1. Would you work out if region 39-165 is rounded, prolate or oblate? Take a ≥ b ≥ c from the square roots of the eigenvalues of the alpha-carbon gyration tensor; rounded if a/c is under 1.5, else prolate when a/b is larger than b/c, oblate otherwise.
2. Sum up the charges of everything whose Cβ sits under 10 Å from the Cβ of Ser129, counting Lys and Arg as +1 and Asp and Glu as -1, but leave Ser129 out.
3. What length, rounded to one decimal in nm, is gained on full extension from Thr104 through to Leu46, with 0.36 nm per residue of separation minus their alpha-carbon distance?
4. Please give the peptides 56-65, 93-102, 23-32 ranked by average Cβ packing (other Cβ atoms within 10 Å per residue), highest first, as a rough proxy for protection.
5. Local charge sum around Ser85 (other residues, Cβ-Cβ under 12 Å, Lys/Arg +1, Asp/Glu -1)?
6. What distance in nm separates the two pseudo spin-label positions at His158 and Leu21, each 7 Å out from Cα along the beta-carbon direction?
7. Along the positive direction of the dipole of region 49-165 (beta-carbon charges: Lys, Arg +1; Asp, Glu -1; about the Cα centre), which of Leu145, Leu57, Met114 reaches farthest?
8. Which aspartates and glutamates, on any chain, are close to Lys87 with Cα under 19 Å apart, when same-chain ones fewer than 8 places away are left out?
Amino acid sequence: VDTRGLGGSRGMASSILGRILAIVLAVAAAGRLGLGVIAYRTANALERPSYSVVRQLGGGVELRRYSPYLIAETSVRADSMREASGKGFREVAGYVFGKNRPATKMAMTAPVRMSSDPRGGVPSTTRVSFVLEKSYSRRTAPAPLRGQDVRVRSVAPHLLAARSF
């Protein structure tokens, strides 16, 4: 029995599998890159509060003067920032996506704001808020549902140092 040709067949099969694996990896990498570009464009297309740049501070940081805007906000007491941000995000997202009166679905905006009061110890209180679309005023913004821990409030004009990602 002549088995000299079997090594060649195995080498050929191995080479074909290697090529298939390389193609699959290239397609997966291209898909991941494409999704990243789509996510970047979507995030940059979101409505944001209006501001003017007062001064460039260096290192990519700029001092911004923000105009007033509305937010939908909740406060959450939790043992960790991760737990609080998850609960708060779900509560406010529910309001924005239609759990309000009159069941209005609002557009997503940026940024999602979070702040925690470190003086309170553990558990601490974390505030999570979404900026509302500019088309809403305190009078026209949908009302939170009864029992929902969401309030709509105005944010006064302010200065903020920011770095874009």
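1. Taking the square roots of the gyration eigenvalues as a ≥ b ≥ c, region 39-165 is oblate.
2. +3
3. 19.1 nm
4. Highest mean packing first, the order is 93-102, 56-65, 23-32.
5. Numbers: positive: Arg82, Lys87, Arg90, Arg113, Arg127; negative: Glu83, Glu91.
Spelling it out: positives minus negatives among the neighbours equals +3.
6. Each label point is offset 7 Å from its Cα along the Cβ direction, giving 5.4 nm.
7. Positive-end residue among those listed: Leu145.
8. Straight-line reach from Lys87, under 19 Å: Glu73, Asp79, Asp117, Asp149.
A short reminder: the numbers here are calculations on the coordinates, not readings from a lab. Values in this document were obtained by computation on a predicted structure and should not be read as measured data. Reconstructed Cβ throughout: ideal geometry from the backbone, glycine too, with neighbour counts over all protein chains shown.
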